[in-house]
Amino acid sequence: MRKFAAILFLFIASYTSSQAQCVPGTSTDPGITPDSATGLAPAVAGQPYNQVMQIVVPTDTVTMIGPIPVTVTIVSISLTSFTGLPPGLTYTCTPSNCVFPGGSNGCVLISGTPTVSGTFNPVAITASVGATPLGNITQYDTIGYYNIVV
């Protein structure tokens with residue numbers, strides 16, 4: 001009986017986690033949607049919340065190294081952490097490791113049931129790796145212009 005209960009629990013857990021995913025869009029416009037002007041949807045304390053953020057990673061970009069513009073091939077951008085979410089909300093990525101290769105589409109699902117009212121400022125910490133003629137570079141960045149009002 002214990003084996004059956006353990007198998008049933010694993011089945012329910014895997015089914016639940018398989019449902020808590022987002023599906024990457026098909027846009028070719030680089031960036032994150034919703035954008036900062038649109039913002040994240042408001043939430044209601046005690047009610048389920050789901051917000052999908054679509055991510056389209058370009059294949060390359062131009063950056064300045066001193067006074068010289070250099071084309072950088074984007075190897076990947078990764079979401080290393082997401083802090084400041086309202087209590088009760090978490091995030092998952094597709095792909096599950098939160099590493100988005102250059103030229104790919106991915107998404108982040110913010111979901112759960114918020115437990116506290118207020119205005120929250122989630123901050124995403126990212127790292128991007130790019131290939132230059134001088135070798136790979138890593139750049140860290142924070143995205144903190146979103147709010148979730150509960």
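The values are calculated or read from the model by the stated rules, or taken from the named source; none is laboratory data. Note that the coordinates shown come from a computational prediction; the quantities given were computed from them, not determined experimentally. Heads up, the Cβs are rebuilt from the backbone with ideal geometry, glycines too, and the neighbour counts pull from every protein chain shown. Note: areas computed on protein heavy atoms with side chains; ligands, DNA, RNA excluded. Shrake-Rupley method; radii C 1.70, N 1.55, O 1.52, S 1.80 Å.
Numbers for the structure displayed
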| item | result |
| --- | --- |
| Protection-proxy order for peptides 125-137, 78-90, each taking the mean of Cβ atoms within 10 Å per residue, highest first | 78-90, 125-137 |
| Extension reserve of the Thr71-Ala41 stretch, reckoned as 0.36 nm per residue once the Cα distance is removed | 7.2 nm |
| Mean Cβ count within 10 Å, highest first, over the residues of peptides 109-115, 38-44 | 109-115, 38-44 |
| Candidates Val56, Val108, Val23, ranked by Gaussian network fluctuation over the chain, Cα under 10 Å, top entry | Val23 |
| Net length gained if the chain between Asp29 and Val123 were fully extended (0.36 nm per residue, minus Cα distance) | 31.6 nm |
| Per residue accessible area in Å² of region 79-150, where ligands, DNA and RNA are left out and the probe is 1.4 Å | 48 Å² |
